[in-house]
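The values are calculated or read from the model by the stated rules, or taken from the named source; none is laboratory data. These figures come from a predicted structure and were not determined experimentally. Don't worry about glycine lacking a Cβ; one is built from the backbone with ideal geometry, like all the others, and counts go over all protein chains shown. Surface areas here come from the heavy atoms of the whole protein model, side chains and all, with no ligands, DNA or RNA. Shrake-Rupley method; radii C 1.70, N 1.55, O 1.52, S 1.80 Å.
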Amino acid sequence: MNAPLVSVPARRLVTPATVVQFVLLTLIWGSTWLVIKHQIVAVPIAWSVAYRFLVAGVAMLVYCLVMRRPLRLGASGHAFAGGAAVLQFVANFNFVYQSERFVTSGLVALVFSLLIVPNTVLSRIFLGNPISGRFVLGSVMGIAGLVMLVGPDLGLGGGTTALGLGLAVAGMLSASVANVMQASQRVRGMPLEAFLTTALLYGGLLNAAFAFATAGTPTASAQPSYVLGVLYLGLVASALAFRLYYSLIRNIGPARAGYVNVIVPVVAMTLSTVFEAYVWTPLAVCGGVLALAGLVIALRSRG
């Protein structure tokens, strides 16, 4: 984080492209809750994370080669990509997957909705981005709405709850530092596809090394649900989604981009209605509406 940093240029932030990116990201990441729970029980967590990012890294590499995208970064580019890999793709996801052993996914989602807080604070400190009252209002509304939405389903687990929460918070903070890194002048000057491809490949290899050290020799499952889950998480929820997310961070800043994590649980609950017979209570409906209203206010703010 020693490179020169710059704030996101002042311009019209809410564009059709921004809306499309938000919709796609929330639909993709909102659906991952249905997939990850099967990944955790079928194979050691560390190997499931490793497979996900090995698939994502190879997919991005093939895409860049086919589309003839530049892949050269230079020494400093590889250093930043390695840092992003450690923070975003290794620490973040291993913390998150492990946290779901001790607390419910609803509570993990609630913790990650707070990503907008460190994103906003760190972007103010390192990038000089202003924080407007309107953005704060929208953020508070979003978090309050999410508490109303997932609150009844948190299911705290006694003595293990603190450990689960600690792991989720550690993952959230790791992701936040990586997010703010994306908005730095140095990283913004690098080709996005080259940076993401390198970071994903580093992430896959580092995750594999970590899995080998902690879980032993590679373990996999031939069950179609597991294989398809790895492919979906690698190709769609990682390669495609992080391409969209990093572009969003570079265009509108890490604070606003972090709002994706507030809306994701709303989508997850909606999908749960279809696939898991989730029943919406009046409180959950109000929470979802409040979270979406907060999104509109936060994105339309100038700071």
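Under the convention that each Lys and Arg Cβ holds +1 and each Asp and Glu Cβ holds -1, the size of the dipole of the chain around its Cα centre is about 1040 debye. Applying Stokes-Einstein at 25 °C and 0.890 mPa s to the Kirkwood radius of segment 174-244, computed over alpha-carbon pairs, gives a translational diffusion coefficient of 173 µm² s⁻¹. Only protein heavy atoms count here; under a 1.4 Å probe, Thr15 has an accessible surface of about 40 Å². Along the chain, the longest continuous region that contains none of the trypsin sites (Lys or Arg not before Pro) in a DSSP loop with at most 15 other C-beta atoms within 10 Å is 102-301. Treating each Cα of segment 26-117 as one equal point scatterer and applying the Debye formula with no solvent, the log10 of I(q)/I(0) at q = 0.10, 0.18, 0.20 Å⁻¹ comes out as -0.35, -0.99, -1.12.
Take peptides 77-83, 236-242, 125-131 and line them up by average Cβ neighbours within 10 Å, highest first, as a rough protection proxy.
Those peptides, ordered most packed to least, come out 236-242, 77-83, 125-131.
Quick test of the membrane-span-like rule: which DSSP H helices of the chain reach at least 15 Å along their long axis (C-alpha atoms) with mean Kyte hydropathy at least 1.0?
On the way: long enough: 16-42 (40 Å, 1.31); 45-67 (33 Å, 1.91); 133-150 (26 Å, 1.90); 161-182 (32 Å, 1.37); 192-215 (33 Å, 1.36); 241-252 (16 Å, 0.44); 260-275 (22 Å, 2.04); 282-300 (27 Å, 2.03).
Once both thresholds are applied, what remains is 16-42, 45-67, 133-150, 161-182, 192-215, 260-275, 282-300.
Given the rule -39500 (n - 2.57) for each run of at least 4 DSSP H residues, summed and divided by the residues of the chain, what is its mean residue ellipticity at 222 nm, to the nearest 500 deg cm²/dmol? Calculated from helices alone, the mean residue ellipticity at 222 nm is -22500 deg cm²/dmol. Using only side-chain charges placed at the Cβ, +1 for Lys and Arg and -1 for Asp and Glu, the dipole size of segment 155-300 relative to its Cα centre rounds to 480 debye.
So I have (i) 200; (ii) 169; (iii) 134, and one of them is volume of the Cα convex hull per residue in Å³ calculated from this model. Which one is it? Read-out from the structure maps to (iii).
Taking Val66, Val177, Val111 as the candidate residues, the one with maximal mean-square fluctuation in a Gaussian network model of the chain, Cα springs under 10 Å, is Val66.
Can you figure out the FRET efficiency of Leu231 with Arg134, using R₀ = 45 Å and their beta-carbon distance, to the nearest 0.05?
Details: r = 41 Å, r/R0 = 0.91.
Rounded to the nearest 0.05, the efficiency is 0.65.
For the pair segment 71-112 / segment 190-259, the C-alpha centres are spaced 9 Å from each other. Potential lengthening of the chain between Val20 and Ile125 amounts to 34.9 nm, from the contour at 0.36 nm per residue minus the alpha-carbon distance. Working from label points 7 Å from Cα in the Cα-to-Cβ sense, the Thr273 to Ala79 distance is 5.0 nm. In this simple spin-label model, placing a label point 7 Å from the Cα along the Cα-to-Cβ direction at both Arg72 and Lys37 gives a separation of 4.9 nm. Using a simple spin-label model with pseudo-atoms 7 Å out from Cα toward Cβ, Thr217 and Gln185 lie 5.3 nm apart.
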